[in-house]
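The values are calculated or read from the model by the stated rules, or taken from the named source; none is laboratory data. Owing to the predicted nature of the structure, the values given are computational and were not obtained by experimental measurement. Please note: Cβ atoms are built from the backbone with ideal geometry, for glycine as well, and neighbour counts cover all protein chains shown. We work out accessible area using only protein heavy atoms, side chains counted, and drop any ligands, DNA or RNA first. Shrake-Rupley method; radii C 1.70, N 1.55, O 1.52, S 1.80 Å.
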Amino acid sequence: MAKVLNVYKKGNETAIATGYATSVAITGLAVGTIVATGDYQVAYVDGSQASDKVDVPGFTVLAAKPANPQDVKAAATTDGASVTAS
């Protein structure tokens with residue numbers, strides 16, 4: 001079995017997510033959530049063997065980026081343009 005990175009909620013022995021050898025995603029948190037250092041921990045797992053858990057540094061969940069503008073149109077004016085989008 002290949003080495004993977006697991007993430008655990010502090011104090012829990014069951015992984016909440018399994019990633020790849022170098023990355024794993026923590027998902028399902030609300031925008032603006034402030035996560036303190038150590039609220040989550042990661043460990044490498046290779047088959048039945050696991051490394052010691054290491055604290056994930058603190059972070060704040062960012063807001064999602066808005067969608068790209070659609071149907072962008074420009075109409076020339078006497079001094080530039082009027083741009084619209086939906």
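Points worth noting:
- Of residues in region 1-14 being open to solvent by less than 90 Å² (accessible area, probe 1.4 Å) and in contact (Cβ under 8 Å) with a residue 12 or more places away in the chain, the one farthest from Val45 (Cα to Cα): Tyr8
- Close pairs (6 angstrom Cβ cut-off, 6 or more residues apart or separate chains): within 17 Å of Ser23 (Cβ to Cβ) in region 48-65, of a type in the set (Phe, Trp, Tyr) and surrounded by 10 or more Cβ atoms within 10 Å (Cβ to Cβ) anywhere: Ser51/Tyr44; Val56/Tyr40
- Single condition Val45 does not satisfy, out of (1) in a loop (DSSP other than H, G, I, E, B); (2) under 25 Å from Asn6 (Cα atoms): (1)
- Among the candidates Ser23, Ser51, residue that is of a type in the set (Gly, Ala, Ser), at pLDDT 95 or above and loosely packed, with under 12 Cβ neighbours inside 10 Å: Ser23
- The set of residues from region 54-81 being open to solvent by 60 Å² or more (accessible area, probe 1.4 Å) and either among the acidic types (Asp, Glu) or part of a strand (DSSP E or B) (or both) comprises Val54, Asp55, Phe59, Thr60, Asp71, Lys73, Ala74, Ala76, Thr77, Asp79, Ala81.
- Within region 56-77, at least one residue is touching a Phe, Trp or Tyr at 6+ places or on another chain (Cβ under 8 Å) and within 16 Å of Val7 (Cα to Cα).
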